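For reference, the structure is listed below as structure tokens.
Bear in mind these aren't lab numbers, they're just calculated from the coordinates by the rules spelled out. Not measured: the values here are computed from a predicted model. All Cβ positions, glycine included, derive from the backbone under ideal geometry; neighbour counts span all protein chains shown.
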Amino acid sequence: MKALIQRVSSASVDIAGERHGEIGGGTLVLLGVEKNDDEACADKLLQKILHYRMFSDADGKMNLNLQQHEGGLLIVSQFTLVADTAKGLRPGFSKGATPQQGEALYDYFVQQARALHPDVATGVFGANMQVSLINDGPVTFLLEV
């Protein structure tokens, strides 16, 4: 399981011209699910995201996590994160979860996030989404479990 996380001043996701989810300052998570992932992977990755110190403290150092920062969490499914790009000029998706497995783990991840964090917004699994963000920093990390 992979997550591209970005510290944002704001982020939103629109589907078919309608706003589906948005947050103010916080973390945008682009979530990719691989075929060998399970709920234990999702739990481990979520804990890492919630506790990853990527927000500045009073001294300007990255010492605060999302929960200490009291920011929002926008979770968007992104199967292209698990693409194999090592060869050729076209991505391969053989490492990716099936749509059914991917959706089940995405839904589980969101459910767990909502149980642990007060401000969670989402996209829709498998939808054509337009994601807008203001990357604060810019600060971006790729987390894998």
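How large is Rg over Rh for the stretch 72-145, taking Rg from the Cα atoms and Rh as the Kirkwood inverse mean of 1/r across Cα pairs?
When Rh is taken as the Kirkwood radius, the ratio is 0.99.
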Using amide H atoms built 1.01 Å from N in the peptide plane, name the residues 5+ places from Ser10, or on other chains, whose amide H lies under 5 Å from its own. Ile134
I want the antiparallel fraction of DSSP beta bridges within the stretch 2-144, as a percent rounded to 5. 75
Could you tell me how many degrees, from 0 to 90 and to the nearest 10, lie between the Cα long axis of helix 99-116 and the main elongation axis, the longest principal axis, of the Cα atoms of the chain? 20
Roughly speaking, what is the stretch gain from Ala40 to Asn128, that is 0.36 nm per residue apart minus the C-alpha to C-alpha distance, in nm to one decimal? 28.9 nm
Give me the one-decimal nm value for the distance between modelled label points at Thr140 and Leu116, 7 Å along each residue's Cα-to-Cβ direction. 2.4
Cα-based count: Lys pairs in the chain below 15 Å, eight or more positions apart or different chains? 6
Which percent of Cα pairs goes in each bin when the distances of the chain are cut into 5 angstrom slices starting at zero? 2, 10, 19, 23, 20, 14, 7, 3, 1, 0
Between the stretch 38-92 and the stretch 108-145, the Cα center-to-center distance that results, in Å: 8
Virtual paramagnetic centre 7 Å along Cα→Cβ of Thr85, amide N under 13 Å, in the stretch 1-44: 4
Taking the chain as the reference, fit the longest principal axis to its C-alpha atoms, fit the long axis of helix 39-51 to the helix C-alpha atoms, and give the angle between the two in degrees, 0 to 90, nearest 10. 30
Add -39500 (n - 2.57) for each DSSP H run of 4 or more in the chain, then divide by its residues: what number comes out at 222 nm, to the nearest 500 deg cm²/dmol? -7500 deg cm²/dmol
